[in-house]
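Handing you this structure, nothing more for now.
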Amino acid sequence: MCCVDRLNPPTLWGGFAVFAPDCQLFFAGDTGYSRDFADIRARFAERQRDGGFDIALIPIGAYEPRWFMQSQHVNVEEALKVHADLGVKASLGVHWGTFELTDEALDEPPRQLERQRAALGLADDAFFTLPVGGTRRIPRRR
């Protein structure tokens, strides 16, 4: 993950965590894959009552060609690793299908997610996408 360095700002993106009483959310932002996500899980473990983040917003698109995009955008396989490393209850695949930014087809990321999620034996609601304008209710913490 990248963050803004006020003295030497080489990047302009970052992620964040929200710890509200009824929902704990993680937004990955633009990111390449690294073990930082396992570190995030460990760092916030004490703040995460009831087993970790409720929902993570993880990018799944704009990843081809890999030689060029790898450090800025995870592909679907890496997004699934981020999901596992965070130990999140559910993830929403974001950052796909809006603009033709890279070489993969606009609808390729959710199709890849469906295939790879099934191959890993993950439930459909463990890591999902929504159509444009779609909504999903996330259960509140009690």
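From the alpha carbon gyration tensor of region 57-102, can you work out the equivalent ellipsoid semi-axes (sqrt of 5 times each eigenvalue) and give them in Å, largest to smallest?
20, 13, 6
For a Förster distance of 41 Å, can you work out the FRET efficiency between the beta-carbons of R115 and R47, rounded to the nearest 0.05?
The computed FRET efficiency comes out at 0.75.
Over region 16-128, what per residue volume does the convex hull of the Cα atoms give, in whole Å³?
So the per-residue hull volume is 98 Å³.
Throughout, read-outs are computed from the coordinates displayed, never taken from laboratory work. Since this is a predicted model, take the numbers as computed values, not measurements. Don't worry about glycine lacking a Cβ; one is built from the backbone with ideal geometry, like all the others, and counts go over all protein chains shown.
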